[in-house]
Amino acid sequence: MSVMRNISFFLAAVLLSKAVGFVQSFAVAKFLGPADFGLWVTLLLLIAYAPILCLGTAETLLKQVPYFLGRNEPARVREIEGSVLGSVALGSLAMLGLAAVTPCVIRLMGWHVRSYLAVVVMVTFSVSCFTNYFYHRFSAHENFKMTGSMDVVRSGIAFFLVVGMSWLWGLPGVVAGFLGQEICMFFVTAWCNIRTHGKVRMNFHRKSILYAIRVGLPISLLWWILTLTASVDRVVLGSLLGVLAVGHYALGVQLSNVLFLVPTVVGRVLYPKVNKHFGEKADAESMRRVVLAPSLALGVLLSNLQIALLIGTPFLYNTLLPKYRPGLLAGQILILGSYFYCLFRNAANYLIAGNQERLFLKYVVSALVFNALMDVALVKAGCGIAGVACGTSLAGLCLTTLVWRKVLSGLGLGRRQQRTTLFGLCAPILVLLLLFGGIRLFHNASFLKFGLSRVLLGAGLFAALNGILWCFPIYRAEMLVWRETLFHKKQSLQTPAPSVDPVY
């Protein structure tokens, strides 16, 4: 299956699954209320941080399997798959051990948390270790048809169990439904994966597991710290303003997560491709086509999606979920700021595939420290949850700038080309910020209420944004390619990327 067909199929599957997940998130938010919803979002941080127990071996699967497939070494592929599965089993057992002592730890620390909720979430992670192994095995073999199908199945099961049980029993029902969803997905994913790609023998050979850890741990640390960077805002809010503020803020997080659909799809599809290119020792021009060109297209798509979300937020906050109204401004800021976190995904793939994890780690740690300091400072200054949203967005800008400058240098661009291309990558959000900020400055109520006039305003923003981007040569070249694709004109997949040294 070609790259474009992979992206198209996977994107369609993820959009369908996330559309269901979108409804699920807001149904759960409505059934729980801000306080319990904030606690549920906090419990989910356990799932976000816990993969570090597997010591990064899942990343080894995604990186090394495509690499050795590109080198035509099936024996090494089978060895890596077995050793990763063995390490996943050990990580799952470690989490079960932590779950067993969690009630005692909570009592000793004097935390006012229902310990059984944390225990059930930790058991859920133990099951998900195996589910994620088989899911990532599909991706490593570039079988995105099955990967997308698993996303759709997961969303259907989750909607039925998580939403249904939250309606019946509130927060305990959500946690129980979460566990039930993961157990069902384990059986479905394992059965489909083994039927498609054959059985895999669990390997506990010491040298093989250590090799998998050595390759994958630096990558996993990167994503783990990046997850911490993306969630430190909720940690700051919870410690300084309380769980209710987290609940108000978390709805904006859920909205901004909608934007991560497209970069997640593009990143998952292209990551094995980038690794295979490194295995084949591809030239710089070929690497640009799988790293830079998709990111330019992604920037335009993201900015258009942001307009749709910005226009819809007043209806969501004021009509559907009025209890979350204090978080409206923060939600809009998060929607705009999420552009930067979305944009660096493909650049990160390049650095990781090129074994530059340590440098990437320095960038991520710098962004984490900056994020925490900005969030605390803005809360102390009285900016509340809107200030935290600003701090998080600025941290994303810093991280994206650092990562892309290094990638553009690695792709063989000179300093002038790096500056102009980096400006081009950020041009869509800069234009949107100017348009959005100008409207808010002269008519503050424009994005606070919903109505026909706001829909017309959104249409005007669409036209203005894309009209301005058309004036940039680098985006005009991309838009011409999209037009040809939409009208089914013949377009070779090997067509070189547009020039990366435009005159702005």
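The values are calculated or read from the model by the stated rules, or taken from the named source; none is laboratory data. Since this is a predicted model, take the numbers as computed values, not measurements. Neighbour counts are summed over all protein chains in view; Cβ atoms, including those assigned to glycine, are modelled from backbone coordinates with ideal geometry. Note: accessible area is taken over every heavy atom of the protein model, side chains too, but ligands, DNA and RNA are not part of it. Shrake-Rupley method; radii C 1.70, N 1.55, O 1.52, S 1.80 Å.
Yes/no matrix, rows are residues, columns are (1) free of Cβ contacts under 8 Å to residues at least 12 places away in the same chain; (2) not polar (S, T, N, Q):
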site	(1), (2)
LEU55	no, yes
LEU62	no, yes
VAL77	no, yes
SER83	no, no
SER87	no, no
GLY97	yes, yes
TYR116	no, yes
VAL121	no, yes
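Is it fair to say LEU39 is within 20 Å of the chain's Cα centre (by Cα) and at pLDDT 80 or above? It is false that LEU39 is within 20 Å of the chain's Cα centre (by Cα) and at pLDDT 80 or above. Can VAL119 be described as of a type outside the set (Gly, Ala, Ser), open to solvent by less than 70 Å² (accessible area, probe 1.4 Å) and touching a helix residue (DSSP H, G or I) at 6+ places or on another chain (Cβ under 8 Å)? Spelling it out, VAL119 is indeed of a type outside the set (Gly, Ala, Ser), open to solvent by less than 70 Å² (accessible area, probe 1.4 Å) and touching a helix residue (DSSP H, G or I) at 6+ places or on another chain (Cβ under 8 Å). Evaluate the stretch 351-360: report whether one residue or more is buried (at least 24 other Cβ atoms within 10 Å of the Cβ), assigned to a helix (DSSP H, G or I) and at pLDDT 85 or above. The answer is no; no qualifying residue exists. Screening the candidates THR196, THR124 for the property of being in contact with a helix residue (DSSP H, G or I) (Cβ under 9 Å, 6 or more places away or on another chain), open to solvent by less than 20 Å² (accessible area, probe 1.4 Å), of a type in the set (Ser, Thr, Tyr) and in a helix (DSSP H, G or I) yields one hit, THR124.
Each row is one residue, and each column tells you yes or no for (1) closer than 22 Å to VAL243 by Cα; (2) assigned to a helix (DSSP H, G or I); (3) basic (Lys, Arg); (4) open to solvent by 40 Å² or more (accessible area, probe 1.4 Å).
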position: ILE106; (1), (2), (3), (4): yes, yes, no, no
position: TYR133; (1), (2), (3), (4): no, yes, no, no
position: ALA158; (1), (2), (3), (4): no, yes, no, no
position: SER166; (1), (2), (3), (4): yes, yes, no, no
position: PHE186; (1), (2), (3), (4): no, yes, no, yes
position: CYS192; (1), (2), (3), (4): no, yes, no, no
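Annotation note: of VAL379, VAL364, the sole residue that is among the β-branched types (Val, Ile, Thr), over 23 Å from GLY242 (Cβ atoms) and surrounded by 18 or more Cβ atoms within 10 Å (Cβ to Cβ) is VAL364.
Is one or more of the residues making up the stretch 306-320 out of contact with any helix residue (DSSP H, G or I) (no Cβ under 8 Å at 6 or more places or on another chain) and either farther than 27 Å from GLY33 by Cβ or at pLDDT below 70 (or both)? No, the stretch 306-320 contains no residue that is out of contact with any helix residue (DSSP H, G or I) (no Cβ under 8 Å at 6 or more places or on another chain) and either farther than 27 Å from GLY33 by Cβ or at pLDDT below 70 (or both).
Screening LEU61 with (1) surrounded by fewer than 23 Cβ atoms within 10 Å (Cβ to Cβ); (2) part of a helix (DSSP H, G or I) gives one miss only, at (1).
Out of GLY252, GLY238, one residue alone is crowded, with 22+ Cβ neighbours inside 10 Å, at pLDDT 70 or above and assigned to a helix (DSSP H, G or I). It is GLY252. Here is a list: LEU171, LEU179. Which entry is open to solvent by less than 30 Å² (accessible area, probe 1.4 Å), touching a residue at least 40 places away in the same chain (Cβ under 8 Å) and farther than 21 Å from GLU59 by Cα? After ruling out the rest, the residue left standing is LEU171. Restricting to the stretch 420-435, name every residue that is open to solvent by 20 Å² or more (accessible area, probe 1.4 Å) and either at pLDDT below 85 or closer than 15 Å to LEU237 by Cβ (or both). Selection gives THR420 alone.
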